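The values are calculated or read from the model by the stated rules, or taken from the named source; none is laboratory data. In this text, all values refer to a predicted model and were calculated from it rather than measured experimentally. Heads up, the Cβs are rebuilt from the backbone with ideal geometry, glycines too, and the neighbour counts pull from every protein chain shown.
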Amino acid sequence: MRGSLGLFLYFCGAWLFSKQFSIRPGFSTVEPKPYHDQVIKVPRFEESAGFYTTAARSRNMSKIRDKNSLPELALRKALWAKCIRFRLHPKKFPGKPDIIINKYRLAIFVDGDFWHGYKWEETKVRLKTNSAFWIPKIESNMQRDKYINEQLNAKGYTVMRFWEHEVKENLAKCVNQVLLYIEAAKTAVIPRLDG
């Protein structure tokens, strides 16, 4: 019995995977994301493409994490101390928000200043090394962030994005913004868009 249940779950998972990523029957590739703007192409970061980095920088870059960063941990700890309960990095949500509060339909991201383009027009002028890679990379991240916001809004979620430096410099202000939203959501009716 256990083997047939596992096989059933395997096929259900494959079916859900194909529905989630819109794989057409007979094709093995995923359809491109429906960005409104033209999708920004990011070149591969390799020496043959003309990009070079030192071993020390490569070692430092490999230690940068996409989740559980120090600012994110600080925000989570502060929200937990205020008795706000949440879920972390849910795989079923677009962009896997850092914090999700389902009860109030709130998705929270803590964006790194460099990776998500804080003051991008000023920053991109200062990029000297491998700028042909970094400029399209950061701009594609910004484009993806906008697309993820649209998807979450379509599901009925409010999206809050905090910059890394905001959380580091003024954690109380960030927590207060979340608490104000929750207080407002308690008195208002939050539409349930399950779909």
| Residue in region 129-146 that is among the polar types (S, T, N, Q) and within 18 Å of Tyr181 (Cα to Cα) present | no
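Can you go through Asp98, Asp66 and tell me which one is acidic (Asp, Glu) and either closer than 24 Å to Leu180 by Cβ or modelled with pLDDT of 85 or more (or both)?
Details: Asp66 fails: either closer than 24 Å to Leu180 by Cβ or modelled with pLDDT of 85 or more (or both).
Going through Asp98, Asp66 in turn, just one is acidic (Asp, Glu) and either closer than 24 Å to Leu180 by Cβ or modelled with pLDDT of 85 or more (or both): Asp98.
Of all residues in region 111-141, how many are over 26 Å from Leu79 (Cα atoms) and either of a type outside the set (Lys, Arg) or assigned to a strand (DSSP E or B) (or both)?
Total meeting the criteria: 18.
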| request: Sort out which residues of region 142-171 are over 23 Å from Ala74 (Cα atoms), in contact (Cβ under 8 Å) with a residue 40 or more places away in the chain and of a type in the set (Lys, Arg), and write them in order of number. | output: Arg144, Lys155
